[in-house]
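Notes follow once the structure below has been shown.
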Amino acid sequence: MAGVALGAAIPTIIGVIGGGTRWWLALLFVVPAAIVFVGAIVFGDYLRWRGTRYRCTPERLEVVFSLVIHSRKSLPRERIRSVDLTANPLHRLLGVAVLTIGTGQHEKSGHGRIKLDPLARADAESLRTELLHRTESKPAAVADDNVLAQLDWQWLRYAPMSFLAPTLGLAAFGALFKVADWFGAQKGFIAWVFERFREFPLVVTILVLLAAALVVGVVGALALFVEMWWNYRLEREPGGTLRVRRGLLTTRSITVEERRLRGIDLVEPLGNRLVGAARVDAVATGMRQKNDDDKTDYHTLLPAAPRAEAHRVAALVLREPVSPTETVRLRSHPVAARGRRLRWALIGAALPVLVLVVLGLLLTDVLLIIGVALAVVAFPVAVLLAFEAYRNLGHGITGRYLVARSGAVRRSTVALERDGVIGLVVKQSVFQRRKGLVTLTATTAAGSGAYSVFDAATDEALEFADTATPGILTPFLELPGKTPEGSAAAERSRF
């Protein structure tokens, strides 16, 4: 709260002084900042600490707040799906941690969670052990053979290979201009920058500034990777849980129960894919969802690492000899699916170009030049991404898993347990019907809740669905008075 108060007061004071107001008048902003700070301590932390009690019984976890108002939360222990520990630098200094207990229900709203903020570190670890149905009174030591993966500093080279690096670089330049604006020096700063490049053409100046932003972004991406994945370990603990520990400044401990695991998602963003890297996400029920203001991705089991390492970890997590994403031979999709992606990519590239050209004809030639330059870049990129998206389409079955792959900028290969599929949705638009294509979606209680096979041939998709989950789609493929075997084959073309 001190950071929030100072973060609001300092720019305000600088702005007031920069506007010509006397400095002593600007100090009046310190008073409301101090009131916010003290009020947050008294009402936000102290009273909450004084009024909160909790207890753990063999059947339930109960948390009671009783001071001015009275509230009670009670969770059956069999509904508890996750128990996560987080400790920021201040928590670590004081020897405490935040314990978050989740049920998997209403995760985005927070109604399905109980947060004990903070507990003594030893108490938090002990309560975590107890809630996860473990018999040990203290956290058990993890044997070396139960450590599935740990940080290899060579993975650091994959951190800048994402869209995060240029985003951080542009954000840093934006923050620099904002600080200059606080002091009323934004115009002078811009003039100073262009003065340094006065002898260079404008295009060279822009390229140099973009290169500088990229360098800053790369440094920021490396620093962010170090902060998030410092001391990373993926462990299999006694009692059937997977535990991810990581973090430099803020330590995080994330738990996934293996009985809630329904598969894995091998994610390969474009930059990582070019250098042969991938990360592994868990597809599990009851996982806590990431909020907009939350920097922790609770599904990630392995950060960007060599693809062979990702396959190895996926196999260990699923207790399989070889990862399903590595062994399955995916069936390619019809050529008509490539045409659909090509058309949509060209339409997406043409719309902004068309807008700029029209505005250029009506307003200024500068917009027209920008539109032409954008077309030169956008159309080839759109075509390449369309072909890449088609090449990445595929589906197949291996053992007890169905596998689906899709995506160009972010390629995702999902291995989902066939027993975890609770429903199938077959969609066919007017344009798909003309080409004999369908989109098949497997619904599940785990992960994102639905995983799709896009633009597959109708016959192949229905056969794939009938094989992957026998009994779910079969009744819809049968004709009255015929055997299932004969009716399914006859009806697939009419589904």
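One table, with the values for the structure above:
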{"read-out": "Extension gain, LEU384 back to SER429 (0.36 nm per residue minus Cα-Cα distance, nm)", "value": "13.7 nm"}
{"read-out": "Difference of contour (0.36 nm per residue) and Cα-Cα distance, THR167 to ARG391", "value": "77.9 nm"}
{"read-out": "Stokes-Einstein diffusion coefficient of the range 394-446, Kirkwood radius over Cα pairs, 10 °C, 1.306 mPa s, in µm²/s", "value": "127"}
{"read-out": "Charge dipole (debye, nearest 20) of the range 352-420; +1 at Cβ of Lys and Arg, -1 at Cβ of Asp and Glu", "value": "340"}
{"read-out": "Net charge of Cβ neighbours under 11 Å - reference VAL64; Lys, Arg +1; Asp, Glu -1", "value": "+3"}
{"read-out": "Test item: Cα-centred dipole of the range 220-373, Lys/Arg +1 and Asp/Glu -1 on Cβ, debye", "value": "560"}
{"read-out": "Exposure of ARG341 as accessible area (Å², to 10), given a probe of 1.4 Å and all protein chains", "value": "50"}
{"read-out": "Per-residue HN-Hα couplings for the range 325-338 [Karplus 6.51, -1.76, 1.60; θ = phi - 60°; Hz; x = Gly/Pro]", "value": "6, 9, 8, 5, 9, 6, 7, 6, 9, x, 5, 4, 5, 5"}
{"read-out": "Unit charges at the beta carbon, dipole of the range 274-416: most positive-side option, ALA345, VAL283, PRO303", "value": "VAL283"}
{"read-out": "Probe 1.4 Å - accessible area at ILE41, Å² to nearest ten", "value": "80"}
{"read-out": "Kirkwood Rh, angstrom, the range 331-414 [1 / mean 1/r, Cα pairs]", "value": "14.6"}
{"read-out": "Gain in span if fully extended, ILE472 to LEU222, counting 0.36 nm per residue against the direct Cα distance", "value": "85.3 nm"}
{"read-out": "ARG411, ARG72, ranked by accessible area, largest first (probe 1.4 Å)", "value": "ARG72, ARG411"}
{"read-out": "Probe 1.4 Å, all protein chains present, accessible-area order of ILE80, ILE35, largest first", "value": "ILE35, ILE80"}
{"read-out": "Alpha carbon convex hull of the range 310-377, projected area averaged over orientations, nm²", "value": "7.7"}
{"read-out": "Nearest-10 value in Å² for the accessible area of ARG113, using the 1.4 Å probe", "value": "40"}
{"read-out": "Histogram of C-alpha separations across the range 272-405, 10 Å bin width, %", "value": "11, 24, 26, 23, 12, 4, 0"}
{"read-out": "Spherically averaged projected area in nm², based on the convex hull that wraps the Cα atoms of the range 332-488", "value": "11.7"}
{"read-out": "Using distinct alpha-carbon pairs, which all enter the 1/r mean, Kirkwood radius of the range 178-267 in Å", "value": "17.7"}
{"read-out": "Most to least accessible of GLU59, GLU237 (protein chains only, probe 1.4 Å)", "value": "GLU59, GLU237"}
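The values are calculated or read from the model by the stated rules, or taken from the named source; none is laboratory data. Note that the structure is a prediction, hence the values are computed from the model and not measured. Please note: Cβ atoms are built from the backbone with ideal geometry, for glycine as well, and neighbour counts cover all protein chains shown. Accessible surface areas use protein heavy atoms only, side chains included; no ligands, DNA or RNA. Shrake-Rupley method; radii C 1.70, N 1.55, O 1.52, S 1.80 Å.
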